[in-house]
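None of the figures in this text is laboratory data; all of them are computed from the coordinates on show. Keep in mind that this is a model prediction, so the values were computed, not measured. Every residue, glycine as well, gets a Cβ built from its backbone with ideal geometry; the counts of neighbours run over all protein chains shown.
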Amino acid sequence: MSEIDVQNELDHLRRQLAMTVALKFHLMPTAVPAFPDVPSVDVYADQITLAQVGGDFYDYFRIDADHIGLLVADIFDGGDAAALYMIALKLYLAGELTMGFDAAKLIGDVNNRLCHANEDDLCLSAWYGVYEISTGVITAVNAGHEPPLLLRDGQVSLCPNEVSSYLLAVMEGIPYESYEIRLEPGDRLLLYTDGVTAAKDSAGAHFTEEMIRRVLATTGGMDSEEAVGTLQDALFAHVGEEPLRDDATFLCLSRKGDPVA
């Protein structure tokens, strides 16, 4: 193969990669407000991307008139294959939604499909929840992901029923367990990826979960977009001139009140 042929092939691969990355970001929602027909729900997410191809992914989507799906995921050491794997995750998840609202079964089925398609030996953490608009109840599955934080009456805590299950794409047939989070009007739920707590300042100190809690506690009067922006500002203030070590993603869900009858 000549030098010109090699260069042409490299250019072709770069174009394909750019298209894949663009598709990944196109699949992550950006509209504000996320659900204008549901004023009782305020959802916003944003991602600080370390490199052109990152392993973080988030999604939120309407399932039916009374249910919203929420997803945050992180592929470990995915490299160039991460974007393709995240697209596969979204497609598999969408395909399983027709089977009902059993979050544990859904994630188990998605895990089996990811294992079949895992030629690059990737694995990922994920948190998936189904929010019921009429009740404020989230049925969630945590597949090896950072547990969400709950802001209620100015106090931040872990969800009392938190259950953590196995990572996805490691082994077929793994049973996943769901749990419930009941959001009261005024409550806020925060999800994030491990790139947030991996961030370090010049002295090597991490942006810890305790720091996230302290910042989150100050966001009670903000909407979800403002809350995420405040958390990102605090993260950048902590690291200063130091580069981030991984993608950093925040997803915030606020229950603003009861749904309009």
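Odds and ends about this structure:
- Neighbourhood net charge (15 Å Cβ-Cβ; Lys/Arg +1, Asp/Glu -1) for ASN112: -2
- For ARG182, neighbours were defined as the other residues whose beta-carbon sits under 14 Å from its Cβ, and their charges (Lys and Arg +1, Asp and Glu -1) total -3.
- Straight-line reach from LYS90: taking Cα to Cα under 14 Å and skipping same-chain neighbours fewer than 8 places apart, the aspartates and glutamates in range are ASP56, ASP59, ASP74, ASP109.
- Cβ-defined net charge surrounding SER202, 9 Å radius [Lys, Arg +1; Asp, Glu -1]: -2
- Order of ASP120, ASP64, ASP187 - criterion: other Cβ atoms within 10 Å of each residue's Cβ, fewest first: ASP64, ASP120, ASP187
- Cβ-based exposure ranking for GLU184, GLU96, in which fewest neighbours within 10 Å come first: GLU184, GLU96
- Under-5 Å amide H pairs with HIS67, H placed in peptide plane, nonlocal only: ILE133
- Exposure proxy order (Cβ contacts within 10 Å, fewest to most) of SER40, SER224, SER134: SER134, SER40, SER224
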